[in-house]
Amino acid sequence: MNLLRKKKILLGITGGIAAYKTPLLVRTLIKSGAEVQVIMTPSATDFVSPLTLSVLSKREVYSTFTSPAKDHDTWNDHVALGGWADLFLVAPATANTIADFVHAKSNSLVTATYLSCTCPVLLAPAMDLDMYAHTATQQNLKKLAANGVEVLPVGDGALASGLSGKGRMLEPDTLVSHIEAHFAKNAPLGGKKVLITAGPTYEPIDPVRFIGNFSSGKMGLALAEAAHQTGAEVLLVIGPNSLPLQEVPFEVIPVVTANEMHQSVIHHYSDVDIAIAAAAVADFSPQQKALQKIKKSNGLTAIPVAPTPDILAAMGELKQSHQFLVGFALESEHGVQNAKKKLKAKNLDAIVLNSLEDAGAGFGTETNKITYIRAEKEISYELKSKNAVAHDIFSAILQDLDQ
Ligand code: CTP
């Protein structure tokens, strides 16, 4: 589902260095099918060219109340701009503009549009760390939030001043995710909580060695993104991985061992509406973790192991009537038969079968080929990207929830 298609987004750019990132933001929004109208404060035009933004948005860009025309100036109607938009995003929002919004000033086209618009407003602050941390700024942001403005967080890292800390405008991709999340609130999974387990678990043998597997966590991340795009509040409990999770717009709980994943899942489970266990949990863990690195010269012929907790089975036992529980089954033979056994044994509502017999399915790949199985039905899908597979899984779940 593309949440941005045909959405009318009014982008207000104010005068901070982060404005240089807005052409990429506009391009990404346009590529996602949104219509974008850019307005700017005059000082923003010092940081990014209106011509660039106009070319990318395929619309005129306004930074003043009037524009010169042949006979007489024309009015850039801030009321009509606000009325046109489904969403007004102010990015970057400087401390100055934030203060102007709080005090209902209409000293620029952006501030006047803020006062007159009736659509939801999203604000992406950007400033130096001390300005952002200042009580006055924080109070202003709280006031705007209390007035219904959705105030986005800031990024943490290098700032134009040479200092490092909280104050960076969120990256364009992250801003787009927040916009999607905004539209997702009214989407099919709006108001639902989804918990996803993902990645491998590592079971330590000694301080430097572990029992693990080749799971990358990509399928779980794709599921988390699809759930988020479909409107859900998402919690991703994920084992060791090298995925880009720093700025994802949902909660991520990193864990290492099966025991940690088990504890985290059980802690959050009673609150969730849909849980999907995509993790490749190690089935066995060394009975003892050696405190020091095991020396080769000491010799090692066996590692005594004990079973790890079956996290999905535990969720199945605790399942309440409002919860929909989905497992994964990675099988090398008799796929459907084995998956159906797990469906029943773990008290699941559905199970997603990956067969190692299918090329392009399973660990580490960018693609997957699945069969969605319930007690009374099976749907087989073609080989697809993991993102597309994740959307197929949620479409199937939504259909089942509707029945
Ligand atoms: N799973 C789990 N906790 C475990 C083992 C598995 O939550 N300790 C979940 C997986 O996330 C997956 C499902 O159980 O959703 C099935 O995992 P799979 O490895 O296919 O099956 P197992 O139950 O481990 O059985 P086997 O390895 O014998 O096939």
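The values are calculated or read from the model by the stated rules, or taken from the named source; none is laboratory data. Because the structure is predicted, anything quoted here is derived from the model rather than measured. FYI the Cβ positions are ideal-geometry reconstructions off the backbone, even for glycines, and counts take in every protein chain you see. Accessible surface areas use protein heavy atoms only, side chains included; no ligands, DNA or RNA. Shrake-Rupley method; radii C 1.70, N 1.55, O 1.52, S 1.80 Å.
Just wondering, is there one or more residues in region 296-306 that are closer than 22 Å to G239 by Cβ and within 16 Å of the ligand (Cβ to nearest atom)?
Filtering region 296-306 for residues closer than 22 Å to G239 by Cβ gives 303, 305-306.
Narrowing the set further to residues that are within 16 Å of the ligand (Cβ to nearest atom) leaves 305-306.
Checking region 296-306: at least one residue is closer than 22 Å to G239 by Cβ and within 16 Å of the ligand (Cβ to nearest atom).
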message: Can you find, within region 175-199, the residue that is surrounded by the most Cβ atoms within 10 Å (Cβ to Cβ) among those that are modelled with pLDDT under 95 and assigned to a loop (DSSP other than H, G, I, E, B)?
response: L189
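Can you name the helices (runs of 4 or more DSSP H) wholly within region 1-100 that have at least 1 residues being at pLDDT 95 or above? Reasoning before the result, please.
Details: elements: 22-31, 50-57, 78-84.
Filter on region 1-100 gives 22-31, 50-57.
Quick check on my filter: what residues within region 323-343 are open to solvent by 50 Å² or more (accessible area, probe 1.4 Å) and assigned to a loop (DSSP other than H, G, I, E, B)?
First pass over region 323-343, keeping only residues open to solvent by 50 Å² or more (accessible area, probe 1.4 Å): 330, 332-334, 336-337, 340-342.
Within region 323-343, S332, E333, H334 meet the criteria.
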- line: In region 31-51, anything out of contact with any strand residue (DSSP E or B) (no Cβ under 6 Å at 6 or more places or on another chain) and open to solvent by less than 60 Å² (accessible area, probe 1.4 Å) is listed as S32, G33, T41, S43, T45, V48, S49, P50
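Can you find, within region 345-370, the residue that is farthest from A390 (Cα to Cα) among those that are outside any loop (DSSP other than H, G, I, E, B) and within 12 Å of the ligand (Cβ to nearest atom)?
A345
Looking at region 200-211, is at least one residue open to solvent by 30 Å² or more (accessible area, probe 1.4 Å), within 30 Å of S285 (Cα to Cα) and charged (D, E, K, R)? I'd like the intermediate steps shown before the answer.
To start, the set of residues in region 200-211 that are open to solvent by 30 Å² or more (accessible area, probe 1.4 Å) comprises 202, 204, 207-211.
Okay, now just the ones that are also within 30 Å of S285 (Cα to Cα), so 202, 204, 207-211.
Pick out the ones that are also charged (D, E, K, R) and you get 209.
Yes, because at least one residue in region 200-211 is open to solvent by 30 Å² or more (accessible area, probe 1.4 Å), within 30 Å of S285 (Cα to Cα) and charged (D, E, K, R).
Mind counting the residues in region 307-340 that are farther than 25 Å from E260 by Cβ and either of a type in the set (S, T, Y) or more than 9 Å from the ligand (Cβ to nearest atom) (or both)? Talk me through it step by step, then tell me what you get.
We begin by selecting, within region 307-340, every residue farther than 25 Å from E260 by Cβ; these are 321-322, 331-340.
Still in the running and either of a type in the set (S, T, Y) or more than 9 Å from the ligand (Cβ to nearest atom) (or both): 321-322, 332-337, 340.
The total comes to 9.
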- request: Filter region 111-165 down to residues that are among the β-branched types (V, I, T) and outside any helix (DSSP H, G or I) and give me whichever is farthest from the chain's Cα centre (by Cα).
  value: T118
message: Yes or no: region 281-294 includes at least one residue that is within 11 Å of the ligand (Cβ to nearest atom), of a type in the set (F, W, Y) and assigned by TED's automatic domain parsing to the domain that holds L236.
response: yes
message: Only one of L89, L189 is touching a strand residue (DSSP E or B) at 6+ places or on another chain (Cβ under 7 Å) and under 26 Å from R5 (Cβ atoms). Can you tell me which?
response: L89
- line: When V252 is run through (1) away from the ligand (no atom under 15 Å from the Cβ); (2) over 25 Å from K185 (Cα atoms); (3) part of a strand (DSSP E or B), the failure sits at (2)
- prompt: Is one or more of the residues making up region 374-392 open to solvent by 70 Å² or more (accessible area, probe 1.4 Å), among the polar types (S, T, N, Q) and under 24 Å from the mean Cα position of the chain (by Cα)?
  reply: yes
message: Criterion first (part of a loop (DSSP other than H, G, I, E, B) and of a type in the set (S, T, N, Q)) does Q320 satisfy it?
response: yes
message: Just checking, does region 67-81 include any residue being on the phi > 0 side of the Ramachandran plot and either basic (K, R) or open to solvent by less than 30 Å² (accessible area, probe 1.4 Å) (or both)?
response: no
statement: In region 212-250, residues that are over 19 Å from V176 (Cβ atoms) and open to solvent by 10 Å² or more (accessible area, probe 1.4 Å) total 11
